[in-house]
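One structure below.
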Amino acid sequence: MEEGATSRSLLQKQKLDDNEELIRISCGEEDEGLLLQSDQSSSTITVVVVLSTLIAACGSYAFGNAVGYSSPAESGIEDDLGLGSEEYAVFGSVLTIGAILGAISSGKFADFFGRRGAMGAAEMFCILGWLAMAFSKDAWLLDLGRFLVGCGIGVLSYVVPVYIAEITPKNVRGGFTSLSQFMISSGQGLTFLIGSLVSWRTLALIGIIPCLVHLLGLFFIPESPRWLAKCGRVKEVEAVLQFLRGKNADISQEASDIIEYTENLQLISEDGIRHLFQKKYAYLIMIGVGLMVFQQLGGLNGFGFYASTIFESAGCSIKLGTIAAAVVQISMTAVGVFLIDKCGRLPLLLISAAGSCIGCLLTGFAFFLQDLQCGKDLVAMMVLIGVLVYWASFELGMGGIPWIMMSEIFPINIKGSAGSLVTLVSWIGSWLTSYTFNFLFEWSSAGPFFIYAGVCGMGVLFIAKMVPETKKLALEEIQASITVQ
């Protein structure tokens with residue numbers, strides 16, 4: 001190419017040392033004005049995008065509702081059905097077992113049936129599960145219902161953030177996708193509050209409402225244009241993008257980029273679990289899996305599932321503690337939604353992991369003082385502060401950003417398998433934390449919190465060394481640049 005000549009192509013295959021072709025984005029100078037115009041049109045926030053995001057996020061509310069159910073329902077279920085602590089522990093953990101099975105199939109499910117189809121099927125599982133729980137007369141039907149709800153939210157935990165990331169403009173993608181975590185926190189927090197006012201059966205019936213809203217809303221939102229491109233439905237890609245961006249928006253460049261990028265990726269490799277373990281995807285998998293490991297093993301389900309036990313053991317008011325925790329969760333998640341596209345993913349992750357570490361240390365130190373028989377009021381206050389610091393920090397970044405990163409970094413040709421793997425790791429970590437908390441807490445009331453603090457501290461180092469910034473980049477740009485690394 002002669003000097004001064006310019007060209008522009010979204011995808012250009014570059015040979016690396018191993019002579020394997022990967023995708024890279026390159027831009028010339030000649031079409032800078034065209035690019036600016038395309039960026040402006042593809043960055044438009046329309047009513048369709050907002051409504052589609054809100055409807056999809058109802059699935060995240062259903063997720064939070066399911067996670068938050070076990071704590072306020074504990075005493076009522078044990079009294080009505082005569083369950084002991086061990087039987088209730090099975091009830092609590094069976095949700096995670098169902099979610100693990102849902103996570104295994106989530107990627108393939110979303111790739112085969114589409115993002116909307118996967119969300120709809122997941123909500124059917126949740127509705128059947130809530131009905132079984134609400135009308136259960138013994139433990140087996142109660143556990144079966146909890147298991148079905150787990151299967152549903154295992155799929156939802158993957159497909160909701162992926163769908164939102166694939167339909168939203170790049171300049172607001174972080175904020176819109178983090179709305180998913182806001183709805184999880186809202187579902188969990190409001191379930192805490194409502195559960196203190198109604199019976200456990202009524203609470204189970206209330207859990208059906210967001211599932212129905214989500215299921216009916218799916219009929220009014222478009223399919224993901226990137227999934228349509230993967231299926232080769234080119235005309236529908238353009239029609240859906242026009243619907244999402246507005247009838248006067250110029251979507252030609254964005255549609256061309258998505259279609260060309262997807263076609264080139266499908267030439268390089270096929271989707272499948274064995275393709276994930278190629279050298280070129282190792283960095284992507286390490287980021288996705290690593291963030292989920294530190295998110296879950298940092299104590300999330302310890303603080304979430306056993307909040308009542310923590311407050312009661314510290315001599316703190318359970319009602320005061322759960323209400324305060326719910327308010328902090330919802331408010332700090334809202335703060336994260338507004339900050340993520342301004343500050344970026346990386347700073348919020350670092351602050352969040354460091355703050356979660358401090359919250360765990362405060363809680364652990366409070367129980368250490370309790371073992372030394374120090375002031376009862378001091379212990380109660382320190383535990384309350386520690387728990388609130390943990391939730392405030394966690395919801396700012398570590399709660400939602402790992403899911404956002406998962407939806408952003410994986411190319412469409414491996415997104416199904418990679419997403420299933422990462423979601424599976426998340427739910428296995430969730431089960432491990434929830435299953436071991438009681439044993440660790442009985443061994444040492446301070447012990448589990450110091451362990452969680454250590455995990456959060458290692459998470460800070462991992463984020464600082466390994467995690468890239470993805471703020472305001474198109475999905476194709478993110479995936480191409482990380483894959484090339």
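The values are calculated or read from the model by the stated rules, or taken from the named source; none is laboratory data. No experiment lies behind these values; they were computed from the predicted model shown. Glycine gets a Cβ as well: all are built from the backbone with ideal geometry, and neighbour counts include every protein chain shown. Ligands, DNA and RNA are excluded from the accessible area calculation, which covers all protein heavy atoms including side chains. Shrake-Rupley method; radii C 1.70, N 1.55, O 1.52, S 1.80 Å.
Being open to solvent by 10 Å² or more (accessible area, probe 1.4 Å), closer than 30 Å to Arg345 by Cβ and touching a Lys or Arg at 6+ places or on another chain (Cβ under 8 Å) is a property that does not hold for Lys108. Contact annotation: residue pairs with Cβ atoms under 9 Å, 6 or more positions apart or on different chains, pairing a residue in the stretch 420-438 that is without any contact (Cβ under 8 Å) to a residue 60 or more places away in the chain with a partner that is of a type outside the set (S, T, N, Q) and buried (at least 24 other Cβ atoms within 10 Å of the Cβ), are Thr436/Gly302; Thr436/Pro448.
So is Gly102 at positive phi, modelled with pLDDT of 80 or more and either surrounded by 17 or more Cβ atoms within 10 Å (Cβ to Cβ) or over 29 Å from the mean Cα position of the chain (by Cα) (or both) or not?
The answer is no for Gly102.
Of note, Ser356 satisfies the criterion of being under 28 Å from Ala89 (Cβ atoms), among the hydroxyl-bearing types (Ser, Thr, Tyr) and open to solvent by less than 10 Å² (accessible area, probe 1.4 Å). Looking at the stretch 150-171, is at least one residue in a helix (DSSP H, G or I), surrounded by fewer than 23 Cβ atoms within 10 Å (Cβ to Cβ) and touching a residue at least 40 places away in the same chain (Cβ under 8 Å)? No, the stretch 150-171 contains no residue that is in a helix (DSSP H, G or I), surrounded by fewer than 23 Cβ atoms within 10 Å (Cβ to Cβ) and touching a residue at least 40 places away in the same chain (Cβ under 8 Å). Tell me yes or no: at least one residue of the stretch 401-411 is open to solvent by less than 10 Å² (accessible area, probe 1.4 Å), acidic (Asp, Glu) and part of a helix (DSSP H, G or I). Taking every residue of the stretch 401-411 in turn, at least one turns out to be open to solvent by less than 10 Å² (accessible area, probe 1.4 Å), acidic (Asp, Glu) and part of a helix (DSSP H, G or I).
If you check Ser178, Ser185 for being more than 30 Å from Glu78 (Cα to Cα), within 18 Å of the chain's Cα centre (by Cα) and open to solvent by less than 40 Å² (accessible area, probe 1.4 Å), only one passes: Ser178. Can we say Asp143 is touching a Phe, Trp or Tyr at 6+ places or on another chain (Cβ under 7 Å) and open to solvent by less than 70 Å² (accessible area, probe 1.4 Å)? Against the criterion (touching a Phe, Trp or Tyr at 6+ places or on another chain (Cβ under 7 Å) and open to solvent by less than 70 Å² (accessible area, probe 1.4 Å)), Asp143 qualifies. Checking each residue in the stretch 65-93 for being farther than 17 Å from Leu148 by Cβ, in contact (Cβ under 8 Å) with a residue 60 or more places away in the chain and either open to solvent by less than 40 Å² (accessible area, probe 1.4 Å) or not assigned by the TED database to the domain that holds Ile153 (or both) picks out Gly68, Ser71, Pro72, Gly76, Leu81. A residue that is within 25 Å of Tyr306 (Cα to Cα) and modelled with pLDDT of 90 or more occurs somewhere in the stretch 157-166. Could we say that Leu190 is assigned to a helix (DSSP H, G or I), more than 13 Å from the chain's Cα centre (by Cα) and at pLDDT below 90 here? Yes, satisfied.
Looking at the structure I just gave you, is Ile323 open to solvent by 10 Å² or more (accessible area, probe 1.4 Å) and either out of contact with any helix residue (DSSP H, G or I) (no Cβ under 9 Å at 6 or more places or on another chain) or at pLDDT 90 or above (or both)? Against the criterion (open to solvent by 10 Å² or more (accessible area, probe 1.4 Å) and either out of contact with any helix residue (DSSP H, G or I) (no Cβ under 9 Å at 6 or more places or on another chain) or at pLDDT 90 or above (or both)), Ile323 does not qualify. Which numbered condition trips up Leu205, out of (1) part of a helix (DSSP H, G or I); (2) crowded, with 22+ Cβ neighbours inside 10 Å? Every condition holds for Leu205 apart from (2). So for the stretch 257-265 (the condition being charged (D, E, K, R), surrounded by 16 or more Cβ atoms within 10 Å (Cβ to Cβ) and not in a helix (DSSP H, G or I)), does at least one residue qualify? Taking every residue of the stretch 257-265 in turn, none turns out to be charged (D, E, K, R), surrounded by 16 or more Cβ atoms within 10 Å (Cβ to Cβ) and not in a helix (DSSP H, G or I). A single entry from Ile167, Ile100 fulfils the requirement of being of a type in the set (A, V, I, L, M, F, W, C) and more than 21 Å from Val213 (Cβ to Cβ): Ile100. Of all residues in the stretch 421-450, those satisfying the criterion of being among the polar types (S, T, N, Q) and open to solvent by 10 Å² or more (accessible area, probe 1.4 Å) are Thr436, Asn438, Ser444, Ser445. In the stretch 65-75, the count of residues that are at pLDDT 50 or above, among the aromatic types (Phe, Trp, Tyr) and in contact with a Pro (Cβ under 6 Å, 6 or more places away or on another chain) is zero. Residue-level analysis places Leu215 among those that are in contact (Cβ under 8 Å) with a residue 40 or more places away in the chain, open to solvent by less than 50 Å² (accessible area, probe 1.4 Å) and in a helix (DSSP H, G or I).
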